[in-house]
Structure formats: C-alpha cells, structure tokens
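The values are calculated or read from the model by the stated rules, or taken from the named source; none is laboratory data. In this text the structure is predicted, and so the values were computed from the model without any measurement. Heads up, the Cβs are rebuilt from the backbone with ideal geometry, glycines too, and the neighbour counts pull from every protein chain shown.
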Amino acid sequence: MINLYDQKVLCNECNLQTNKNIITENGFQIRTLECPNCSKIIYHPWDIKEYEDFKKLKSRDFNVKLRMVGNSFCVSVPKELIDFHREMENEINDMVRLNLEGPGKIGMFFVSKKIYKK
C-alpha cells in the first residue's frame, strides 16, 4: 500500500509542493502536509482515524470487575481497549506497568517496544 506521506503532494489551490510536518494532539503525533503559500493543511488519513478512535474510547467510562485471584487482585480490561492498543502497536508485548498515582488512582501502562517513525 502506498503511504501518502511518502509522496510528493501538490496543493490543489496553489500547485506548489507541500511541506511535511507533524502536529501533536493529546499525545498523538499526526502527520500533515502544509502548503507554503496558502497554509492549507492536509492531515494523514491513518493518523486521523487512529486519533478519532482514541477520542471515542477516551470519552467512554468502563465499569470493570475487581476479583481476588490467589493472593492478588485481577481487573478485567475491556476488549475495546486492548484491541485499540494492538492496532497502534506493530509488536505486541502483553506486559503492563502499574503504579500508584495518588489516593484512589492507579496508573496502568502498556510496555511497548514500538518506536514511532516519522
């Protein structure tokens, strides 16, 4: 499949070659092409789809069960969150890192081997 970001793209209004750029929204890097003349911005469609999927999941609240398993507790993580994580990562490592962020708040972080490439 051809990646739009790797191609020379001309602005349809000015007929000038666009410049590659990256903007950051809520921790997401979104690749863009910007016209140097009219400042029109074209967003990379894959990055926008990934960001929109993230916003949908972020706006939802999940009620999950906390269970006792041996001497530990287990939390059920919704399939939608795992599927989203797996779509973003090329290599999947099912390890997570937990830390206590404050009273009543635990942080869970997927351990990732992926390095974002421009």
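Residues that are of a type in the set (A, V, I, L, M, F, W, C) and either farther than 19 Å from Lys8 by Cβ or assigned by TED's automatic domain parsing to the domain that holds Phe84 (or both) within region 19-73 comprise Ile23, Phe28, Ile30, Ile48, Phe54, Leu57, Phe62, Val64, Leu66, Met68, Val69, Phe73, listed in sequence order.
Does region 73-90 contain at least one residue that is of a type in the set (Gly, Ala, Ser) and either touching a strand residue (DSSP E or B) at 6+ places or on another chain (Cβ under 8 Å) or within 30 Å of Gln7 (Cβ to Cβ) (or both)? Yes, the conditions are met somewhere in region 73-90. May I ask you to list the residues in region 1-34 that are within 25 Å of the chain's Cα centre (by Cα), surrounded by 10 or more Cβ atoms within 10 Å (Cβ to Cβ) and among the hydrophobic types (A, V, I, L, M, F, W, C)? Matches in region 1-34: Leu4, Val9, Ile22, Ile23, Phe28, Ile30, Leu33. Residues that are at pLDDT 90 or above and either surrounded by 10 or more Cβ atoms within 10 Å (Cβ to Cβ) or under 21 Å from Ser76 (Cβ atoms) (or both) within region 87-103 comprise Asn99, Leu100, Glu101, listed in sequence order. Scanning region 9-33 for residues that are among the charged types (D, E, K, R) and in a strand (DSSP E or B) turns up Lys20, Glu25, Arg31. Of the residues making up region 67-86, those that are exposed (fewer than 11 other Cβ atoms within 10 Å of the Cβ) and either among the aliphatic types (A, V, I, L, M) or within 16 Å of Glu52 (Cα to Cα) (or both) number 2.
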